[in-house]
Amino acid sequence: MDKKPNRLIKEKSPYLLQHAYNPVDWYPWCDEAFEKTKRENKPVFFSSGYSCCH
C-alpha cells in the first residue's frame, strides 16, 4: 500500500516534512487552516515543532 503525502509535503521545514506521510489532514500555519476551522467551528490543534533524539 503506497502512502500519499499530505499538504506538508510542500513545506521546507524538516520537522514538518517528517510528518508529510502521516495519515492526518495536517495544515501548516496558514490562512487556509484558520479559515477552515472557523467555517467548521472546530478548534486548532497546534504543534510547536519540537523534536529531539534520545
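The values are calculated or read from the model by the stated rules, or taken from the named source; none is laboratory data. Note that the coordinates shown come from a computational prediction; the quantities given were computed from them, not determined experimentally. As a convention, Cβ positions derive from the backbone with ideal geometry for all residues, glycine included, and neighbour counts pool all protein chains shown.
In the range 1-19, the residues that are more than 20 Å from Ser48 (Cβ to Cβ) never reach a residue that is at pLDDT 90 or above and of a type in the set (Lys, Arg) with C-beta atoms less than 9 angstrom apart, at least six apart or across chains. Among the residues of the range 1-25, the ones that are modelled with pLDDT of 90 or more and aromatic (Phe, Trp, Tyr) come to 1 in all.
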